[in-house]
Ligand SMILES: Cc1cc2nc3c(=O)[nH]c(=O)nc-3n(C[C@H](O)[C@H](O)[C@H](O)COP(=O)(O)O)c2cc1C
């Protein structure tokens with residue numbers, strides 16, 4: 001399916017049906033995760049039919065209902081870990097969307113996960129996944145002018161990248177990122193200050209690259 005279409009269809013979903021993810025879909029997600037782990041040296045783990053992580057008070061307070069499957073974004077501590085897990089986590093999110101599943105990034109509103117977190121490793125975020133009770137709804141956006149060095153006559157590919165970046169989920173919908181087209185045609189992206197902005201940046205970079213078909217440096 002068209003990736004931009006998948007990005008448009010994806011919204012955070014916090015309430016889930018009591019319907020198991022089919023074995024064929026599990027296979028696809030398992031394979032993608034294992035490929036990413038091998039290629040990037042990460043320790044991302046997915047758990048199915050495990051309701052305990054989202055049965056805590058904080059999860060209910062966060063409005064989460066019926067979450068039984070989740071992905072733990074784990075890797076070796078480094079200054080790039082948040083961004084890397086944001087980037088590859090969103091790749092998994094869009095694959096789940098393609099499989100007809102719903103998701104939600106969850107930094108705070110979850111209990112203890114089943115993740116095996118090795119020495120020197122860190123769990124940065126969790127992604128809830130399953131069959132949602134709804135497909136969610138589009139988030140509000142800052143204007144494109146506030147999110148990039150907007151000027152007249154920006155190339156079409158850059159605008160496409162920005163459209164995709166603006167569909168990206170960010171913590172509390174904060175959209176604290178800034179994307180810059182340099183005079184030599186390269187693209188830079190940076191995170192604003194605050195919580196989870198580096199995870200957000202990884203997510204946003206993945207969206208921009210898919211939308212623009214260009215790499216961000
Ligand atoms: C890094 C990150 C952490 C998030 N943590 C939470 C969370 O703890 N609880 C929650 O309800 N939503 C959480 N969200 C979901 C955001 O609120 C949501 O992505 C944002 O409002 C944009 O909406 P959308 O995903 O529907 O486009 C998180 C999103 C991101 C990217």
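A few comments on the model shown:
- Residue within the range 87-101 that is part of a strand (DSSP E or B) and in contact with a helix residue (DSSP H, G or I) (Cβ under 7 Å, 6 or more places away or on another chain) present: no
- Selection of the range 44-76 for residues being in contact with a strand residue (DSSP E or B) (Cβ under 6 Å, 6 or more places away or on another chain), farther than 15 Å from residue 104 by Cα and surrounded by fewer than 18 Cβ atoms within 10 Å (Cβ to Cβ) yields only 76.
- The set of residues from the range 53-74 being within 15 Å of the ligand (Cβ to nearest atom) and within 24 Å of residue 28 (Cα to Cα) comprises 53, 54, 66, 67, 70, 71, 72, 73, 74.
- Residue list for the range 167-190, filter: within 16 Å of the ligand (Cβ to nearest atom) and free of Cβ contacts under 8 Å to residues at least 40 places away in the same chain: 170, 172, 173, 174, 175, 176, 177, 189
- Scanning the range 191-217 for residues that are on the phi > 0 side of the Ramachandran plot and within 16 Å of the ligand (Cβ to nearest atom) yields 194, 196.
- Taken together, 39, 24, 50 contain a single residue that is more than 12 Å from the ligand (Cβ to nearest atom), assigned to a helix (DSSP H, G or I), more than 19 Å from the chain's Cα centre (by Cα) and modelled with pLDDT of 95 or more, which is 24.
- Of all residues in the range 120-162 being within 12 Å of the ligand (Cβ to nearest atom) and buried (at least 17 other Cβ atoms within 10 Å of the Cβ), the one that is nearest to residue 12 (Cα to Cα): 136
The values are calculated or read from the model by the stated rules, or taken from the named source; none is laboratory data. Because the structure is predicted, anything quoted here is derived from the model rather than measured. All Cβ positions, glycine included, derive from the backbone under ideal geometry; neighbour counts span all protein chains shown.
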